[in-house]
Ligand SMILES: Cc1cc2nc3c(=O)[nH]c(=O)nc-3n(C[C@H](O)[C@H](O)[C@H](O)COP(=O)(O)OP(=O)(O)OC[C@H]3O[C@@H](n4cnc5c(N)ncnc54)[C@H](O)[C@@H]3O)c2cc1C
């Protein structure tokens, strides 16, 4: 008797050959306009043609840089990878959706940005997180609250991939409860002088500028005495205390803890109204949460697609494991979660695009999508069995990134707190 050699062959990533995005049916996107559907196809083709082939090599480069270089050299090399990635996207028109043409964008809007986020995230380039912090977290507040001079100075180079940005809210003592913020900005003559620390700042070590939140009026509730500032990272007194991506498990390029000691910046560094920073922060978080969700769904989609294809190729008990109901039902549940999560994200993106306040809806979206993404990626790992746990497949990286989503940009518990607060306000009238 001759044995079929295929039965004894391990499935590898090379066997996963279907193009990404096949699991997105027309039904899932029938709420999209024709232009949005066209953009989805354009972004997907671009991501598969230009990003996917570069992603594995970029991951290897990031790992090699992290292993061999330290300090400024390491940051400069990582910055180079992030800038190359952003410039490539800029040339293809993938960086300007949130910004009007006056500043170098294309004004396609929040939904378009979400569509691009999903497709780029599914391609899995390590620079994608820097794209997200530069174009959304660190920049959306400049678009909404900046002066004309601030917009003209910062938006065009960011959209072109020349200037990198990051967002600095969190501190060693301050996470969910921003009312305990310790970083202070004090007016001295015609300058603002900033003292404090910011921790967990994604892309902070690569950024040219931070959008930073600090207390400017200590005599009132912190939410009424907080302001936002645009702070250059190369300013005297700004110092990276610790490189955190060495200890953070997610697939980031850079994450830092930063000290600010007597950092004096000019008055035009103030972003938005003096003592109006809490409103700027809440507004930023609404957009950040929605775009973060769509990016995370891109990762979850990749996990589902890899798992589904793997299940049709992996043979156990003389048949592909997809033939077992225990596996196929799991895939069906993953698909249903992905479908529902995309719809709720799209709904909230539409609200933001229409200029509506969407704090509750953003919180609902973030809570639902974070749990869905976590479940999908966890299920994908189960479908791949031991192979899913290895670095031969992308599932373990998607798994680590997905877990962060339940903590970053406001934890699950804080999303529940926000939703319950709004609900109970209505009950009480
Ligand atoms: C990889 C990574 C990247 C990040 N990037 C950035 C960044 O770019 N910029 C930035 O500013 N920050 C960033 N953060 C910080 C992130 O936003 C915070 O970690 C998050 O807001 C939670 O704060 P914390 O970690 O201090 O947890 P804590 O606030 O200390 O919370 C600990 C636990 O207590 C729970 N908890 C707290 N309050 C309540 C409550 N009222 N009710 C019920 N449960 C509660 C929380 O849900 C959580 O489970 C990043 C974090 C990580 C890990």
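The values are calculated or read from the model by the stated rules, or taken from the named source; none is laboratory data. Please read these numbers as outputs of a predicted model, since none were measured by experiment. Don't worry about glycine lacking a Cβ; one is built from the backbone with ideal geometry, like all the others, and counts go over all protein chains shown.
A few remarks follow.
- Residue check for residue 284: buried (at least 22 other Cβ atoms within 10 Å of the Cβ) and either within 30 Å of residue 135 (Cβ to Cβ) or touching a helix residue (DSSP H, G or I) at 6+ places or on another chain (Cβ under 8 Å) (or both): yes
- Boolean, residue 80 is outside the structural domain of residue 349 (by TED's automatic domain parsing), in a helix (DSSP H, G or I) and out of contact with any strand residue (DSSP E or B) (no Cβ under 9 Å at 6 or more places or on another chain): yes
- Apart from one condition, residue 380 fits all of (1) more than 12 Å from the ligand (Cβ to nearest atom); (2) surrounded by fewer than 16 Cβ atoms within 10 Å (Cβ to Cβ); (3) modelled with pLDDT of 95 or more; (4) more than 25 Å from residue 36 (Cβ to Cβ); the exception is (2).
- Pairing each residue of segment 197-219 that is outside the structural domain of residue 171 (by TED's automatic domain parsing) with any residue that is in a loop (DSSP other than H, G, I, E, B) and surrounded by 24 or more Cβ atoms within 10 Å (Cβ to Cβ), provided the two are 6+ apart or on different chains, yields no C-beta distance under 8 Å.
- Matching residues, segment 156-172, being within 13 Å of residue 215 (Cβ to Cβ) and touching a helix residue (DSSP H, G or I) at 6+ places or on another chain (Cβ under 7 Å): 169
- Checked against (1) within 18 Å of residue 216 (Cβ to Cβ); (2) assigned to a helix (DSSP H, G or I); (3) modelled with pLDDT of 95 or more; (4) within 16 Å of the ligand (Cβ to nearest atom), residue 134 meets all criteria but (1).
- Picking from residues in segment 170-226 that are surrounded by 15 or more Cβ atoms within 10 Å (Cβ to Cβ) and at positive phi, the one that is farthest from the ligand (Cβ to nearest atom) is 196.
- Residues in segment 33-59 that are crowded, with 17+ Cβ neighbours inside 10 Å and farther than 16 Å from residue 20 by Cα: 36, 58, 59.
- Of all the residues in segment 227-242, those that are buried (at least 19 other Cβ atoms within 10 Å of the Cβ) and either at pLDDT below 95 or farther than 29 Å from residue 279 by Cβ (or both) number 0.
- Members of segment 254-281 found to be surrounded by fewer than 24 Cβ atoms within 10 Å (Cβ to Cβ), within 16 Å of the ligand (Cβ to nearest atom) and not in a strand (DSSP E or B), listed by number: 278, 280, 281
- Selection within segment 343-402 - within 25 Å of residue 125 (Cβ to Cβ) and assigned to a loop (DSSP other than H, G, I, E, B): 390, 391, 392, 393, 394
- Only a single item in (1) more than 15 Å from the ligand (Cβ to nearest atom); (2) over 24 Å from residue 280 (Cα atoms) is not met by residue 400, and it is number (1).
- Being in a loop (DSSP other than H, G, I, E, B), within 14 Å of the ligand (Cβ to nearest atom) and not assigned by TED's automatic domain parsing to the domain that holds residue 97 holds for only one residue in 251, 234, and it is 251.
- Single condition residue 107 does not satisfy, out of (1) farther than 20 Å from residue 290 by Cα; (2) loosely packed, with under 14 Cβ neighbours inside 10 Å: (1)
- Residue, farthest from the ligand (Cβ to nearest atom), within segment 152-169, restricted to residues that are in contact with a strand residue (DSSP E or B) (Cβ under 9 Å, 6 or more places away or on another chain) and in a loop (DSSP other than H, G, I, E, B): 163
- Test: residue in segment 99-122 that is without any contact (Cβ under 8 Å) to a residue 60 or more places away in the chain, in contact with a helix residue (DSSP H, G or I) (Cβ under 8 Å, 6 or more places away or on another chain) and under 18 Å from residue 301 (Cβ atoms): no
- Neighbours by Cβ (under 7 Å, 6+ apart or cross-chain): first from segment 243-260, farther than 14 Å from residue 204 by Cβ; second at pLDDT 80 or above and not in a loop (DSSP other than H, G, I, E, B): 249/400; 250/400; 250/401; 250/404; 251/397; 251/400; 251/401
- Total residues in segment 36-73 satisfying the condition of being without any contact (Cβ under 8 Å) to a residue 60 or more places away in the chain and in a helix (DSSP H, G or I): the figure is 20.
- Checking segment 209-217 against the condition returns no match, with no residue being in a helix (DSSP H, G or I) and at pLDDT 95 or above.
- Extreme residue, nearest to the ligand (Cβ to nearest atom), among residues of segment 403-429 that are outside any helix (DSSP H, G or I) and without any contact (Cβ under 8 Å) to a residue 40 or more places away in the chain: 407
- Which numbered condition residue 370 fails, given (1) under 30 Å from residue 211 (Cα atoms); (2) free of Cβ contacts under 8 Å to residues at least 12 places away in the same chain: (2)
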